[in-house]
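Down below is the structure, laid out as structure tokens.
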Amino acid sequence: MSSHRQIKEGSFHILGGDFANAGEASTSIKRELLEMGVEEDTIRRVSIATFEAEMNIIIYATAGIIRYTITPEEVIIIAEDMGPGIEDIELAMQEGYSTAPDWVREMGWGAGMGLPNMKKNSDVFKIDSVVGEGTRVDMIIKRRRNETEADQ
Amino acid sequence: MRLRQIRELLDAVIVHQAIPEDTDLSWAIATDLMSEVLYYSKDNSLLITGLTRQQAIRTAHIADIRVVVFTKGKEPDFQTLELAKDKGVTLLITPHCTFSACGILYERGMRCCPDE
Ligand SMILES: Nc1ncnc2c1ncn2[C@@H]1O[C@H](COP(=O)(O)OP(=O)(O)O)[C@@H](O)[C@H]1O
Ligand SMILES: [Mg+2]
């Protein structure tokens, strides 16, 4: 897509309720990062943050799109959906808060840690939501090559 | 702790093996909540879970967990087994419940994933 060889981008459409394919988008992005030889720690953080965002679209929204951009410095993930939106974002961000129904919990989701997980694994995390319209999550994961193990 | 030892201690059956039996696993996490796996696990963890579904395999793959143990003897369905094969996740079934499986491995020195 991009003329610059070191930048890769793409997108995936996600269908609400599509549990059979839940995780396919995140897995594809993970595969792409592996093929590009991106460092393991970055791949793990991107995969986890993207997977939680993908699950939220599948669980709560009607449909959505996940876009990714991989550069030598960072990975940008944007998850945008058409759905019910979030009324109280501060509440939704609290660890353990979840409105997931029982049948979702039976599939192992609904611990109320998805948004905290996304935040934990990104260097920049932004969430915007309009009730009745949808939700958008922006995440930037900075690539840390050898040099910055120190800030752990 | 090596995969072989885990299998023996847990009286487990390996239903899909993607890594050698002498592979060393650093630590373990036990939960049925997938977000907890994503939050607390480290790479090269062992996942012990009663959630014997595709979600567990998918989550393990995303979190770089190479070995999953299903507890209480619960057999995976066809899709779950196929996903384990596709993603290269080694899958064991133990007749023990999650509590006992953890106790057995803890007694032999396995520990939970360390905090940050
Ligand atoms: N894309 C979304 N659309 C609508 N509501 C959402 C969305 N993402 C999260 N939420 C709301 O925020 C709550 C917390 O989300 P999260 O931290 O991912 O935990 P969980 O998904 O386990 O409930 C959800 O239970 C839901 O009420
Ligand atoms: Mg969630």
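The values are calculated or read from the model by the stated rules, or taken from the named source; none is laboratory data. For clarity, every value in this text was computed on a predicted model and none was experimentally measured. When we count neighbours, we look across all protein chains shown, and the Cβ atoms used for this are built from the backbone with ideal geometry, even at glycine. These accessible areas exclude ligands, DNA and RNA; they are computed on the full protein's heavy atoms, side chains included. Shrake-Rupley method; radii C 1.70, N 1.55, O 1.52, S 1.80 Å.
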- Task: Of the numbered conditions (1) touching a Ser or Thr at 6+ places or on another chain (Cβ under 6 Å); (2) within 16 Å of ligand 1 (Cβ to nearest atom); (3) not hydroxyl-bearing (Ser, Thr, Tyr), B:Gln55 fails exactly one; give the number of that condition.
- Result: (1)
- Out of B:Ala28, B:Ala84, B:Ala56, sole residue that is under 22 Å from B:Met1 (Cα atoms) and assigned to a strand (DSSP E or B): B:Ala28
- Message: Looking only at residues that are more than 9 Å from every other protein chain (Cβ to nearest Cβ) and outside any strand (DSSP E or B) in segment A:111-125, which one is most open to solvent (accessible area, probe 1.4 Å)?
- Response: A:Lys119
- What pairs come up if the first residue lies in segment B:44-73 and is under 19 Å from B:Ser26 (Cα atoms) and more than 12 Å from every other protein chain (Cβ to nearest Cβ), the second is open to solvent by 10 Å² or more (accessible area, probe 1.4 Å) and assigned to a strand (DSSP E or B), and their beta carbons are under 8 Å apart, counting only those six or more places apart or on different chains? B:Leu46/B:Trp27; B:Leu46/B:Ala28; B:Leu46/B:Ile29; B:Ile48/B:Ala28; B:Ile48/B:Ile29; B:Ile48/B:Ala30; B:Val69/B:Ile93; B:Phe70/B:Ile93
- Note on the structure: In segment A:64-82, residues that are open to solvent by 20 Å² or more (accessible area, probe 1.4 Å) and part of a strand (DSSP E or B) total 9
- Could you check B:Tyr40 against (1) within 26 Å of A:Ala20 (Cα to Cα); (2) at pLDDT 95 or above and say which number it fails? (2)
- Scanning segment A:87-110 for residues that are among the hydrophobic types (A, V, I, L, M, F, W, C) and either within 16 Å of the chain's Cα centre (by Cα) or assigned to a helix (DSSP H, G or I) (or both) gives A:Ile89, A:Leu91, A:Ala92, A:Met93, A:Trp103, A:Val104, A:Trp109
- Query: Which of the residues that make up segment A:54-76 are closer than 19 Å to A:Trp109 by Cβ and more than 8 Å from ligand 1 (Cβ to nearest atom)?
  - Reply: A:Glu54, A:Ile58, A:Thr62, A:Ala63, A:Ile66
